[in-house]
Amino acid sequence: MGAGNGVAQGIAARARDLAETAANATTPQEAAQLKAQAQELAQGAGQMRDAVGSAFSDAVAHTSLIGAVILGVGTVVVAVLLPRAGKGGRVVAASGAAEGEERPEAADERDSVSADGGR
């Protein structure tokens, strides 16, 4: 987007230069011709700036749509690939114990607390 705006600003600067040149023209015909060229350049610069902004907005929207599709597909793939507890298998937690089972460390901690008298 920066390069397109830079080009549009360059065209606008050239239009201003032509307008200044038209002010210093020696004949009315030359001044009119330079003013007309300056107006055309200024219009072209505005159109280019608008086109650059529109293209950038379209690209952001397109990229966001593609990202949303990828995230949706990823969610479905993860949901399909993750094991489920209700299918005959058991889900093992990060602690190494299956769901509903007590971790051996937890039982040891409880035993040591009761041996100390709750301290």
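FYI, it's all coordinate maths here, none of it is from the lab. Computed from a prediction, not measured in an experiment: that's the story for all the values here. Glycine also receives a Cβ, built like all others from the backbone with ideal geometry; neighbour counts cover every protein chain displayed.
A few notes on this one:
- Modelled label positions at V80 and T21, each set 7 Å beyond Cα in the direction of Cβ, lie 6.5 nm from each other.
- Seen from Q9, the other residues with C-beta closer than 12 Å to its C-beta sum to a net charge of +3, counting Lys and Arg as +1 and Asp and Glu as -1.
- One chain, two ends: A31 and S54. Fully extended at 0.36 nm per residue, the span grows by 4.8 nm beyond their Cα-Cα distance.
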